[in-house]
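Colleague: First the structure, then my questions, so here it is.
The values are calculated or read from the model by the stated rules, or taken from the named source; none is laboratory data. This one's a predicted model, so the numbers in the text were calculated from it and none came from an experiment. Note that each Cβ is placed from the backbone with ideal geometry, even for glycine, and that neighbours are counted across all protein chains shown. Heads up: the accessible areas ignore ligands, DNA and RNA and are worked out on the full protein's heavy atoms, side chains in. Shrake-Rupley method; radii C 1.70, N 1.55, O 1.52, S 1.80 Å.
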Amino acid sequence: MNLANFFSILRAVLTIPVVWFYMEGWYALAFFVFLFAAFTDYLDGFFARRRNQITDFGKVFDQVADKILVISTAVSMMDILPIWYVLTVFARDTFVNGLRILAASRGNVVPARWTGKMKTVSQFVVLIGVFLLKLGFLEPPILQSLVIISFAVTILSGITYTMDLARFMNMEG
C-alpha cells in the first residue's frame with residue numbers, strides 16, 4: 001500500500017456518500033464529495049509518478065475506481081441523464097475492461113491511454129454538470145451539449161482501446 005493506491009481506494013469508497021447524498025436530495029453535499037473524489041484521480045497519478053510508486057495494482061485499480069465513481073454516480077443521476085448515455089458509458093467500460101482482462105491473462109497490464117483519460121474527464125464534467133443543474137447554476141441545453149461531447153469522447157476512447165488492444169494481442173500471439 002502506498003499513497004497513490006490509497007487515493008484510488010478512497011475514490012471508490014467515496015462513491016457511497018456521493019450516491020447516497022444525491023439520492024437523498026443533498027445535492028450540494030454530494031457535489032463537494034464528488035469533487036474531492038474526482039480530485040483523488042489527479043492525486044493518485046501525481047503521487048505515483050512523484051514518488052516513483054507506479055504499481056500493477058495502481059494501474060488497474062485507478063481505472064476501476066474511476067469506473068465505480070462514474071458509473072454509480074451516473075446511474076443515480078438517471079433522473080437527469082439520458083439512459084443511452086449511461087448505457088454507453090457502462091458498455092464501453094465493460095468491453096474495454098474485458099479486453100484488459102484478456103491482456104492480463106497473457107501477463108500484460110495495459111496502462112491508461114490519453115483517450116481514456118479524456119473520456120474520464122469528459123464524464124466527470126457531465127456529472128459535475130448534473131450537480132450544477134440540480135443546484136440551479138446550469139441550464140439544460142448546456143448539459144445536453146456536455147453529454148453529447150462526452151458521448152463522442154467515450155465512443156472514440158472505446159474504438160481507440162479496441163484498436164490498440166487488438167494490435168497488441170495480435171503482436172503477442
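Colleague: Just checking, how many residues over the range 40-61 are outside any loop (DSSP other than H, G, I, E, B), free of Cβ contacts under 8 Å to residues at least 60 places away in the same chain and open to solvent by 30 Å² or more (accessible area, probe 1.4 Å)?
Modeller: Adding up the residues that qualify gives 10.
Colleague: Residue check: is F7 surrounded by 20 or more Cβ atoms within 10 Å (Cβ to Cβ), touching a residue at least 12 places away in the same chain (Cβ under 8 Å) and either farther than 20 Å from F151 by Cβ or not charged (D, E, K, R) (or both)?
Modeller: For F7, the condition - surrounded by 20 or more Cβ atoms within 10 Å (Cβ to Cβ), touching a residue at least 12 places away in the same chain (Cβ under 8 Å) and either farther than 20 Å from F151 by Cβ or not charged (D, E, K, R) (or both) - is met.
Colleague: How many residues does the range 15-25 contain that are on the phi < 0 side of the Ramachandran plot and open to solvent by 30 Å² or more (accessible area, probe 1.4 Å)?
Modeller: Selection size over the range 15-25: 7.
Colleague: If you don't mind, another one. State the number of residues belonging to the range 141-173 that are touching a residue at least 12 places away in the same chain (Cβ under 8 Å), under 18 Å from F124 (Cβ atoms) and of a type in the set (S, T, N, Q).
Modeller: Count: 3.
Colleague: Output the residues belonging to the range 144-173 that are farther than 18 Å from R92 by Cα and open to solvent by less than 30 Å² (accessible area, probe 1.4 Å).
Modeller: M169 - this is the single residue of the range 144-173 that is farther than 18 Å from R92 by Cα and open to solvent by less than 30 Å² (accessible area, probe 1.4 Å).
Colleague: In addition: Return the only residue of A104, A112, A91, A152 being in a loop (DSSP other than H, G, I, E, B) and among the small types (G, A, S).
Modeller: None of the others qualify; the one that does is A112.
Colleague: Of the residues A12, A37, A74, A28, only one is closer than 30 Å to P140 by Cα, surrounded by fewer than 14 Cβ atoms within 10 Å (Cβ to Cβ), modelled with pLDDT of 95 or more and of a type outside the set (F, W, Y); which?
Modeller: Going through A12, A37, A74, A28 in turn, the sole match is A28.
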